[in-house]
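Right, one structure below, let's go through it.
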Amino acid sequence: MNKTRLSLLAAAAVALLCGCAGIAPVEPQLQPQLQSQPLPPGMQAPERATGFAEKPGWTARKFMVAAANPLAADAGYQMLRSGGSAVDAAIAVQMVLTLVEPQSSGIGGGAFLMHFDGKTVKAFDGRETAPMAATEMLFQGANGKALSFHDGVVGGRSVGAPGVLRMLELAHKEYGRLPWAALFAPAIRLAQDGFAVSPRLHAMLQTERHLKTDPAAASYFYDRDGNPWPVGHVLKNPELANVLREVADKGGDAFYKGQIAQDIENKVKSHPRNPGLLTAADIGAYQAKVREPVCSDYRAWTVCGMPPPSSGGIAIAQLLGILENRNMRALGPKNGLMNAEAVHLFSEAGRLAYADRSRYVADTDFIPLPGNSTKALLDKTYLAGRAALIGDRSMGVAESGVPPATALALGVDTSPEFPSTSHISVVDASGNAVSMTTSIEDAFGSRQMVRGFLLNNQLTDFSFDAADANGPIANRVQPGKRPRSSMAPTLVFERGSNNLVMSTGSPGGSAIINYVGKVLIGTLDWGLDVQQAISLPNFGSRNGPTELELDRTDTALADRLKAKGHQVRMIEQTSGLQGIMRMRIGGEEVWFGGADPRREGIVKGD
Ligand code: GLU
């Protein structure tokens, strides 16, 4: 299938699926000074594997849910409409995503969820854990050298104890309003009756090389001739329906303590070439955690993100804390074109933030941060010092800094991350909000299918190397440890208040930090609505080259950056941003939602 056709299909599918009730695409006349600014000719939507379908942004008055697939967003919407809380909606969304977006997230994976109940922000950690039998040599070959990424990923070796169900159960105990079992109904029905294979799932199956090596996955995702099911094919998953029924009836223990956990162990251990170490006992011992969110002030706002084991919250707070020393507000895009100085400053700040991330951030249950809290890395004086390193020309590669109270010598992590993952944002009618990013890591995870769902490969988010010349690497494998993540579910408030401004987040591997950073600068500094900010071309640096989004960036921008000494790389940057923000439209306060044109997400609300 040619790329144009794929892109059109993606757009058509979104349009079709958006036909369901409750959507209120924004009327253009309701958007004062916020008309979306289409990119100039030549910079328009590229035609690529996942398509780029412009999205309008949506409004609602009472509640809203944004998710990466229309069927999943609809499940969340049904919960909200029946009086469910933001957490109820997120659970229903996640169960449907397990079925309809199996390449990205599911009950075989992990997640982070930021929750606001009108007064307090809590960070729920459902990150996978390493098996108790794992050692720092997990991803090293017999010669002591790190394996290649895909040699690590495919099979049982990369599978960590799944965390998402335990985390959702924990959040539901505190913030659920509907009965647990009710939240599974839409997913069970769709799994039983079948769902239409989406253009993105089809496209990913077409280019996927490893999934067919698993007999269970091969017979589910491909026809008898080995072709991926076509777009629109009604795919049924009765095995998953049964698992979901069990979990709906008996709670998380059905997954973590019984036959399902045993089946996961059997699958992981019996892989013919790359068996793993995860046991039913590891799964049974899994605990989700509530952690202290990383909240820091940025100009007129307080931005709260996920603490370790994710690096997302700290890296975004550093990025913003560095940029706070510059006048970003004056550097917004004009006529759809990015300002070169803005991209320069953002990329340089990114270099500095990613340098600290690589050296210092890992699971704090094992490796303390400098000063034993997030304070040292986010110290305003420290960040002003880091900002002072930014000159007119690119610094190339940034060194990590020495935050106050740094005692440890640590090596630099080299773990690769490849994008899959999904983001969900929800606000409910009672003032609760959720920002949840959920992942099985690589597309289709470890490619191991058990009882209708895929197992994660999250352990490859650990550093494959255990040490370098500077010392041990913070993010090395240790038994029971959680691999460092970049996921950055984010909640934004008016500074120091309980007035929620935004819930946002994205997939994208380590580029998540730049994607979410772009949306924060786009909305907070440049006054864009969240849809416009999501739709801006992606850009930034992960302390390597300066990355600009292929086919969506004008060459003049690349030339200006090169003249400032940037090594520029044009690459596909498939974010999957979702966001909901509070906005005043036509004299009325409403929720305004945006979904990434690069994926299939939509927003629903009333
Ligand atoms: N495994 C990555 C992380 O936890 C996310 C991968 C992705 O976004 O695709 O940071």
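Nothing charged except the Cβ atoms of Lys and Arg (+1) and of Asp and Glu (-1): what's the magnitude of the dipole of the chain about its Cα centre? Round to the nearest 20 debye.
200
Of LYS122/LYS173; LYS55/LYS604; LYS119/LYS518; LYS289/LYS518; LYS122/LYS289; LYS375/LYS518, which ones are farther than 19 Å apart at the Cα?
Beyond 19 Å: LYS119/LYS518; LYS289/LYS518; LYS375/LYS518.
Calculate the spin-label point distance for VAL290 paired with ALA133, positioning each point 7 Å from the Cα along the beta-carbon direction, and give it in nanometres.
It is 3.5 nm.
For LYS269, what accessible area in Å² do you get when you roll a 1.4 Å probe over the heavy atoms of the protein chains, rounding to the nearest 10?
100
At R0 = 22 Å, how high is the FRET efficiency between ASP193 and ASP606 if r is their beta carbon distance? Nearest 0.05 is fine.
About 0.30, to the nearest 0.05.
Can you tell me how much longer the chain between VAL397 and LYS257 gets when fully stretched, taken as 0.36 nm per residue apart minus their C-alpha distance, in nm with one decimal? Don't skip to the end; give the middle numbers.
Values: separation 140, 0.36 × 140 = 50.40 nm, distance 4.71 nm.
My answer for the length gained is 45.7 nm.
Once the dipole of the chain is set up with Lys and Arg at +1 and Asp and Glu at -1 on Cβ about the Cα centre, which of ASN432, ASN543, ASN143 lies farthest towards its positive end?
ASN543
Take the Cβ-Cβ distance between ARG177 and MET570 as r, set R0 to 41 Å, and report the resulting FRET efficiency rounded to the nearest 0.05.
0.30
Can you tell me the order of 205-215, 573-583, 78-88 when each peptide is scored by its average per-residue count of other Cβ atoms within 10 angstrom, highest first?
My ranking of the peptides, most packed first, is 573-583, 78-88, 205-215.
Tell me the accessible surface of TYR354 in square angstrom (1.4 angstrom probe, heavy atoms of protein chains only), to the nearest ten.
The value for TYR354 is about 10 Å².
Using the Karplus curve 6.51 cos²θ - 1.76 cosθ + 1.60 with θ = phi - 60°, work out ³J(HN,Hα) for each residue of region 286-296 in order, rounded to whole Hz, and write x for Gly and Pro.
Running phi through 6.51 cos²θ - 1.76 cosθ + 1.60 with θ = phi - 60° gives 4, 10, 6, 10, 9, 10, 6, x, 8, 10, 9 Hz.
Of all alpha-carbon pairs in region 98-236, indicate the percentage at a distance above 27 angstrom.
40
Provide the percentage of antiparallel DSSP beta bridges, counting only those with both residues in region 533-606; round to the nearest 5.
Antiparallel bridges make up about 75 percent of those DSSP assigns within region 533-606.
Reachable aspartates and glutamates from LYS334, Cα under 19 Å, same-chain residues fewer than 8 places away excluded?
LYS334 reaches GLU54, ASP525, ASP529, GLU549, ASP551, ASP554, ASP559.
Pull out the extension gain between LYS269 and PHE366, defined as 0.36 nm times the separation in residues minus the alpha carbon to alpha carbon distance; nm, one decimal.
On the way: separation 97, 0.36 × 97 = 34.92 nm, distance 2.63 nm.
Full extension of this stretch gives 32.3 nm more.
Nothing charged except the Cβ atoms of Lys and Arg (+1) and of Asp and Glu (-1): what's the magnitude of the dipole of region 237-376 about its Cα centre? Round to the nearest 20 debye.
Using Cβ point charges on Lys, Arg, Asp and Glu, region 237-376 gives about 380 debye.
When ligands, DNA and RNA are left out and all protein chains stay put, how many square angstrom of accessible area per residue does region 437-537 have with a 1.4 Å probe?
Per residue, region 437-537 has 16 Å² of solvent-accessible surface.
Expressed in nm to one decimal, what extension gain is obtained for the pair GLN206 and ALA384 from 0.36 nm per residue of sequence separation less their Cα-Cα distance?
Full extension of this stretch gives 59.3 nm more.
Give me the percent of accessible area attributable to carbon and sulfur for region 362-485, probe 1.4 angstrom.
Carbon and sulfur atoms account for 56 percent of the accessible area of region 362-485.
Three principal axis extents, largest first, for the C-alpha atoms of the chain, in Å?
Principal-axis extents of the chain (Cα, largest first): 59, 58, 49 Å.
About the Cα centre of region 467-606, what is the dipole size in debye to 20, counting +1 per Lys and Arg Cβ and -1 per Asp and Glu Cβ, all else neutral?
Values: 17 positive and 15 negative charges, 126 e Å.
It comes to approximately 600 debye.
Label point 7 Å out from ALA405 along Cα-to-Cβ: which residues of region 471-485 have amide N under 14 Å?
Under 14 Å, as judged by backbone N against the label point of ALA405, lies no residue of region 471-485.
I need the semi-axes of the equivalent ellipsoid of region 421-566: take the C-alpha gyration tensor, multiply each eigenvalue by 5, square-root it, list largest first in whole angstrom.
Details: eigenvalues 164, 127, 56 Å².
Equivalent-ellipsoid dimensions as semi-axes: 29, 25, 17 Å.
Can you work out the FRET efficiency for the pair LYS250 and GLU54, with r the C-beta to C-beta distance and R0 = 41 Å, to the nearest 0.05?
0.40
Based on the mean of other Cβ atoms within 10 Å per residue, sort peptides 500-506, 184-190 so the most packed one is first.
Top of the packing list down: 500-506, 184-190.
Which peptide among 222-229, 555-562 comes first, and what is the full order, when sorted by highest mean count of other Cβ atoms within 10 Å?
Result, highest mean first: 555-562, 222-229.
Considering only DSSP beta bridges whose two residues both sit in the chain, what percent are antiparallel, to the nearest 5?
90
How would you classify region 430-500 from its alpha-carbon gyration tensor, with a ≥ b ≥ c the square roots of the eigenvalues: rounded for a/c under 1.5, else prolate if a/b is greater than b/c, otherwise oblate?
Oblate.
Counting Lys and Arg as +1 and Asp and Glu as -1, what is the net charge of the other residues whose Cβ lies under 13 Å from the Cβ of SER430?
Its environment carries a net charge of 0.
By the scheme Lys and Arg +1, Asp and Glu -1, what is the net charge of all other residues having a beta-carbon under 14 Å from that of GLN94?
So the environment of GLN94 carries a net charge of -3.
The values are calculated or read from the model by the stated rules, or taken from the named source; none is laboratory data. As the structure is a prediction and not an experimental result, all values here were calculated from the model. Neighbour counts run over all protein chains shown; Cβ positions are idealised from the backbone, glycine included. For accessibility, only protein heavy atoms count, side chains too; no ligands or nucleic acids. Shrake-Rupley method; radii C 1.70, N 1.55, O 1.52, S 1.80 Å.
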